[in-house]
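Colleague: Below you'll find the structure I mean.
The values are calculated or read from the model by the stated rules, or taken from the named source; none is laboratory data. Note that this is a predicted model, so its numbers are computed, not measured. Please note: Cβ atoms are built from the backbone with ideal geometry, for glycine as well, and neighbour counts cover all protein chains shown. What goes into the accessible areas is simple: the full protein's heavy atoms, side chains included, and nothing from ligands, DNA or RNA. Shrake-Rupley method; radii C 1.70, N 1.55, O 1.52, S 1.80 Å.
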Amino acid sequence: WGLVLAAWRRIPQEMTYLRAGGWQSPQAVGTTLRDRTLGVYGYGRIGALVAGYGRAFGMRVIAWGRAESLARATSDGVEPASSEEALFRDADVLTLHLALNDGTRGLVRQEHLALMKPTSLFVNTSRAQLVAPHALFEALQQGRPGAAAVDVYEHEPVVGGQAPLLSQPNVVATPHLGYLSREGLE
């Protein structure tokens, strides 16, 4: 959820601007998450937690996934998206929460990302391989989605900043830290 807030409010960019001597860049005027739509692709244990965070921020939450995931989402009061395409089209923030396997590898393709709004945020903290190779980079180049927040990469570790996504000003990126906590390691 930290990546969502950082990307949505441009926190890293504003911090860099402030450290360089500026005060509130021309892009500093942000928008709130309240009344926006959070799309959760994969409503398992983590997807359900993220949906709860979205609700706490006053977001409408929609979900997509396998039948079991959608049944769980519905029982939790989360609205199933009418289709996979609708999830991408309707979400202001779309988060992936899927396991990587033969059935999910490359599941998110360029045509899915092209459905997203130019103001939307795509978040992937699961596995980079859920997205077809280079699809997110190319989609960002075309302006749909408008931004991304990632914690996973096609090739890890990223050495010397040599991941294409890291060159994009509309990407907030961390080095696969989502699972890494003192408590988790203990």
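Colleague: Would you check if there is a residue in the stretch 26-47 being assigned to a helix (DSSP H, G or I) and in contact with a helix residue (DSSP H, G or I) (Cβ under 9 Å, 6 or more places away or on another chain)?
Modeller: yes
Colleague: Now a separate question. Filter the stretch 69-87 for residues that are charged (D, E, K, R) and not in a strand (DSSP E or B) and give the result.
Modeller: 72, 76, 84, 85
Colleague: Checking the structure you have, find out if any residue of the stretch 84-94 is more than 22 Å from residue 179 (Cβ to Cβ) and loosely packed, with under 14 Cβ neighbours inside 10 Å.
Modeller: yes
Colleague: Test each condition in (1) modelled with pLDDT under 95; (2) part of a helix (DSSP H, G or I); (3) polar (S, T, N, Q) for residue 162 and report the one that comes out false.
Modeller: Tallying (1) modelled with pLDDT under 95; (2) part of a helix (DSSP H, G or I); (3) polar (S, T, N, Q), residue 162 fails exactly one: (2).
Colleague: Another one. Which number in (1) crowded, with 17+ Cβ neighbours inside 10 Å; (2) closer than 23 Å to residue 88 by Cβ marks the one condition that residue 31 misses?
Modeller: Residue 31 satisfies every listed condition except (1).
Colleague: Would you point out the residue of the stretch 38-69, among those that are over 25 Å from residue 179 (Cα atoms) and touching a residue at least 24 places away in the same chain (Cβ under 8 Å), that is most open to solvent (accessible area, probe 1.4 Å)?
Modeller: Here the answer is 60.
Colleague: Let me ask another. Determine whether residue 76 is open to solvent by 10 Å² or more (accessible area, probe 1.4 Å), within 14 Å of the chain's Cα centre (by Cα) and among the charged types (D, E, K, R).
Modeller: No, not satisfied.
Colleague: Could I ask something else about it? Look through the stretch 104-158, keep the residues that are polar (S, T, N, Q) and in a helix (DSSP H, G or I), and return whichever of them is most open to solvent (accessible area, probe 1.4 Å).
Modeller: 141
Colleague: Quick one: would you say residue 95 is closer than 15 Å to residue 149 by Cβ, in contact with a strand residue (DSSP E or B) (Cβ under 8 Å, 6 or more places away or on another chain) and among the hydroxyl-bearing types (Ser, Thr, Tyr)?
Modeller: Spelling it out, residue 95 is indeed closer than 15 Å to residue 149 by Cβ, in contact with a strand residue (DSSP E or B) (Cβ under 8 Å, 6 or more places away or on another chain) and among the hydroxyl-bearing types (Ser, Thr, Tyr).
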